[in-house]
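Data block below; observations after.
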Amino acid sequence: MKSATIQHVQVIRFTLQRLLHTPVASLLNILVIGIALSLPVGGYVLLKNVQGLAEQTAGTPQISVFLAAGTSQEEITRISKELKEHAAIDHIEFVPRDLALKQLQLSTGLADVVGGLTQNPLPDAFVIYPVALDAPKLELLRDDLRSWPRFEHVQLDSAWAHKLQAILRFGRLAVLILAAMLSFALVAITFNTIRLQILTQRDEIEVAKLIGATNGFIRRPFLYFGLVQGLLGGATAWLIIACSLLLLNYNLAELAQLYASNFSLHHLTPGDSLALLGFSAYLGWLGAWLSVSQHLWQIEPK
């Protein structure tokens, strides 16, 4: 076990020395990988920030529940308790019918007309603030509330949620297509780089096979080279996005002040950052593995 670990450490050291031996070519390959990865990842970051901004500007979604006429105070108390205990509801507000009538007078400017009514036509109501913000879950909660007794009418305005979900779905699809295309390109870059290395070291590989080296032993340095190159490319993409967001936030601060807002663009979360590094390293390893698998068997000692 200790011997295998030492061998892997030696291979990694040899891989880093190979990268430093050709600094210009290695730097260009890493930059190309970083720039290519930063495009879809940058789109993903912008989508997350746009979603957060849209939810802030659209406000918290509300479900208005109007109680049936003649609902007693005991029933209102029981319903209030059950709503507060509902897992999909964050909090609620009870609007008595008298308060609703006063708010109607103030908001419509029809105080004389409303004051001339012989009785209050408005029902008691609950304003419900759900936990979830996406349209399907909001509609599911609305349908559930409609089945409750003493609920005369349940109203949800989910048009904005549907529009937001449609825009985000389109954006995610565009980012996914771009990421898939660039991933193939990055695999091709690593594939070609490893192919050139194999051809350059053809004589060394033949000698290694003559003295009994296995394909796995010969393959290992190339796989590590692809993995390290992909990992450095992912780190470069992370730095590109971080610097871009820093510049954008610097200029966005003045615009946000004009609208009395403190909005700023947020960077990748730690989990997303690790996923980026892991995915980029995998792409580098995959390109190296495909290249080695195709070309190594063609080299046999004469």
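Could you tell me which of the residues L110, L101, L83, L67 is farther than 30 Å from D272 by Cβ, in the same structural domain as L141 (by TED's automatic domain parsing), at pLDDT below 85 and surrounded by 13 or more Cβ atoms within 10 Å (Cβ to Cβ)? First the steps, then the outcome.
Numbers: L110 fails: surrounded by 13 or more Cβ atoms within 10 Å (Cβ to Cβ); L83 fails: at pLDDT below 85; L67 fails: at pLDDT below 85.
None of the other options fit; the residue is L101.
A135 fails exactly one of the following numbered conditions: (1) at negative phi; (2) surrounded by 15 or more Cβ atoms within 10 Å (Cβ to Cβ); (3) more than 27 Å from the chain's Cα centre (by Cα). What is the number of that condition?
So the condition that A135 fails would be (3).
Can you work out which of the residues in the stretch 151-181 that are modelled with pLDDT of 85 or more and of a type in the set (F, W, Y) is farthest from L47 (Cα to Cα)?
Only one residue fits best here, namely F151.
Which condition from (1) in the same structural domain as G233 (by TED's automatic domain parsing); (2) at pLDDT below 80 is the one that L31 breaks?
Tallying (1) in the same structural domain as G233 (by TED's automatic domain parsing); (2) at pLDDT below 80, L31 fails exactly one: (2).
Each row is one residue, and each column tells you yes or no for (1) within 30 Å of I12 (Cα to Cα); (2) in a helix (DSSP H, G or I); (3) at pLDDT below 80.
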site	(1), (2), (3)
K137	no, yes, no
P149	no, no, no
A213	yes, no, yes
F217	yes, yes, yes
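If we keep just the residues of the stretch 248-266 that are farther than 21 Å from Y44 by Cα and surrounded by 10 or more Cβ atoms within 10 Å (Cβ to Cβ), which is modelled with the highest pLDDT? Break it down into steps so the answer makes sense when it comes.
Step one: filter the stretch 248-266 for residues farther than 21 Å from Y44 by Cα, giving 253-262.
Restricting the remaining residues to those that are surrounded by 10 or more Cβ atoms within 10 Å (Cβ to Cβ) gives 253, 255-257, 261.
Numbers: A253: 71, L255: 67, A256: 64, Q257: 65, S261: 63.
Applying the filter and picking the extreme gives A253.
Only residues that are free of Cβ contacts under 8 Å to residues at least 60 places away in the same chain and assigned to a loop (DSSP other than H, G, I, E, B): list them for the stretch 121-135, please.
Just the residues of the stretch 121-135 that are free of Cβ contacts under 8 Å to residues at least 60 places away in the same chain, to begin with: 121-124, 131-132, 134-135.
Of everything in the stretch 121-135, those that are free of Cβ contacts under 8 Å to residues at least 60 places away in the same chain and assigned to a loop (DSSP other than H, G, I, E, B) turn out to be P121, L122, P123, D124, V131, A132, D134.
So, T22, is that one surrounded by fewer than 17 Cβ atoms within 10 Å (Cβ to Cβ) and modelled with pLDDT under 75 or not?
No.
In the stretch 267-302, which residues are surrounded by fewer than 12 Cβ atoms within 10 Å (Cβ to Cβ) and either under 18 Å from R220 (Cα atoms) or modelled with pLDDT under 85 (or both)?
Within the stretch 267-302, S293, W297, Q298, E300, P301, K302 qualify.
Pairs please, first residue from the stretch 170-196 and within 19 Å of N29 (Cβ to Cβ), second anywhere and of a type in the set (F, W, Y) and surrounded by 13 or more Cβ atoms within 10 Å (Cβ to Cβ), Cβ atoms under 6 Å, 6+ apart in sequence or on different chains.
I194/F222
Checking L117 against (1) in a loop (DSSP other than H, G, I, E, B); (2) at pLDDT below 85; (3) surrounded by 12 or more Cβ atoms within 10 Å (Cβ to Cβ), which single condition isn't satisfied?
The one condition L117 does not meet is (3).
Considering (1) modelled with pLDDT of 85 or more; (2) surrounded by 12 or more Cβ atoms within 10 Å (Cβ to Cβ); (3) farther than 16 Å from H86 by Cα, say which one L145 fails and leave the rest.
(3)
The values are calculated or read from the model by the stated rules, or taken from the named source; none is laboratory data. What you see is a predicted model; the values in this text were computed from it and never measured. Using ideal geometry, Cβ is built from the backbone for each residue, glycine included, and neighbour counts are taken over all protein chains shown.
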